[in-house]
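Visitor: Before anything else, here's the structure in question.
Read the figures in this text as sums done on the coordinates, not as results from a lab. The structure presented is a predicted model; accordingly, all values stated were derived computationally and were not measured. Cβ placement follows ideal geometry from the backbone for every residue including glycine, while neighbour counts extend to all protein chains displayed.
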Amino acid sequence: ILTFQGRHSDTARKALNIAKRNWERLMTEVPELFEEKMKNDPHAKNLADHWKSLIGEDVSPHERRGDADPRLRRLLAINKRLNSELRLPRLLELIIDTAIELSEAERGFLLLFEGNDTLAVKVARNIDQEALASEELQLSRSIAERAAKTGDPVVTVDAIDDGRFSAAISVDDLSLRSVLAVPLTVKGRSVGTIYVDHRLRKGLFGEDELALLMDLAQQAGIAIENARLLAENQERQREIETLNIQLAERVEQQEQALIQAQEEIRSNRQALQLRHEY
């Protein structure tokens, strides 16, 4: 076991930082019902005690504040934001608005595979979080499809001069400069692409922007799947309710038919009795 003494102190401190960050990330994904139980877990309390003991060590001010990784804090906030939105259309808008915010892109597109394995634009927004007009909906499909079908991100510093895409008509027509596309995956399966670009600035997207959007895409894939499952469950529930109503109506109709048949039988019996008496 590593200690905070002697030559192991730096290693132990780094290990503790990693554990703390992973725990914070995990806590953002825990349903509210189980939050209290998780906080009272002996391992969680042990981690908190070690962290308090670290405060007394020779650590930097930002480590004392618990914000050694601003990017992590930002992603944790994004994760909470995505998980709080269960309406799929609004969730898709939220994802692409966040992608534009993180990358400082001019425009953003969220594309999802449809039944015939073609990528369809589900959301198209600009930096002002406004939907793009029809004449602004053009993007480099070759770049978006490459990311979605290979499962690897695509970054180009200057798309016009990038040999991989310079021949693409959309790249030339749009005079695209910076383009970044990352795959959206659910349970290891590619379901679409988050695509952002800028038509004026080249070299806009670097390693930081790529890392942020890859992390966003991972969280977005989970959020999209959850929203889809919820929508499917709600649709099934509506179908069940409709079937229950239809069944109740059918039972009522059968009961009325049975009552009517019983009345007819009773009436016929009475008629036969009267005829027999005369």
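Visitor: 7 Å from Cα along Cα→Cβ at both K149 and K39: what's the point-to-point distance in nm?
Guide: According to this spin-label approximation, the distance is 5.0 nm.
Visitor: A follow-up question, please. Give me the one-decimal Kirkwood hydrodynamic radius in Å for the range 193-242, with the sum taken over alpha-carbon pairs. It would help to have the intermediate numbers written out before the result.
Guide: Details: mean 1/r = 0.0730 Å⁻¹.
The answer is 13.7 Å.
Visitor: Now for a separate question. Report the extension gain between N22 and L258 in nm, rounded to one decimal, defined as 0.36 nm multiplied by the number of residues separating them, less their alpha carbon distance. Don't skip to the answer; put the middle values down first.
Guide: Values: separation 236, 0.36 × 236 = 84.96 nm, distance 6.62 nm.
Between N22 and L258, full extension yields an extra 78.3 nm.
Visitor: How large is ³J(HN,Hα), in whole Hz, for each residue of the range 83-88 in order, when computed from phi with the Karplus curve 6.51 cos²θ - 1.76 cosθ + 1.60 and θ = phi - 60°, using x for Gly and Pro?
Guide: Per-residue couplings from phi come out as 5, 7, 10, 10, 8, 4 Hz.
Visitor: Given the pairs K37/K80; K122/K149; K45/K187; K20/K122; K20/K80, which span a C-alpha to C-alpha distance of over 26 angstrom in this model? Numbers along the way, then the final one.
Guide: Values: K37/K80 19 Å; K122/K149 17 Å; K45/K187 32 Å; K20/K122 37 Å; K20/K80 18 Å.
Result: K45/K187; K20/K122 exceed 26 Å.
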